[in-house]
Amino acid sequence: MKKLNLLVMLVAMGVIAWAVPATSALAVTHNAALTAQQEEEPAQATEAQAETQEFTGKIAQHNGKYVLHTDDNKAYQLDDQEKAKAFDGKRVKVTGSSDEQAMLIKVVEIEEIEEVEQ
């Protein structure tokens, strides 16, 4: 009986000794997969930011830079200052992609539009 208990105990310890490294390897693989997924998410966010949008508002100079003051009370700096300069003080539609964190619009096109009566 003692030999049987000893044998069962040795087998159990062997199984545990085998299972622990296998579990650790599985955890490492899982962590690597999560890290890879997290690294892809910023790339997806960057792609979403690159989508072209239309913004309407008025262009004005602020601290020496041309800024679009939108109809929804946001202010975006415009990356193409030369193009924006031609529309200083005018109501415009700006087509471009926005970086909401930097409050910047990468300008594709600017066109003047009629003033909205209030």
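The values are calculated or read from the model by the stated rules, or taken from the named source; none is laboratory data. Keep in mind it's a predicted model, so treat the numbers as computed, not measured. FYI the Cβ positions are ideal-geometry reconstructions off the backbone, even for glycines, and counts take in every protein chain you see.
Some points to look at:
- Taking every residue in segment 68-85 that is assigned by TED's automatic domain parsing to the domain that holds residue 100 and pairing it with any residue that is in a loop (DSSP other than H, G, I, E, B) and basic (Lys, Arg), at least 6 positions away or on another chain, the pairs with Cβ-Cβ distances below 9 Å are 68/74.
- Residue, surrounded by the most Cβ atoms within 10 Å (Cβ to Cβ), within segment 69-118, restricted to residues that are part of a strand (DSSP E or B), of a type in the set (Val, Ile, Thr) and out of contact with any Leu (no Cβ under 6 Å at 6 or more places or on another chain): 110
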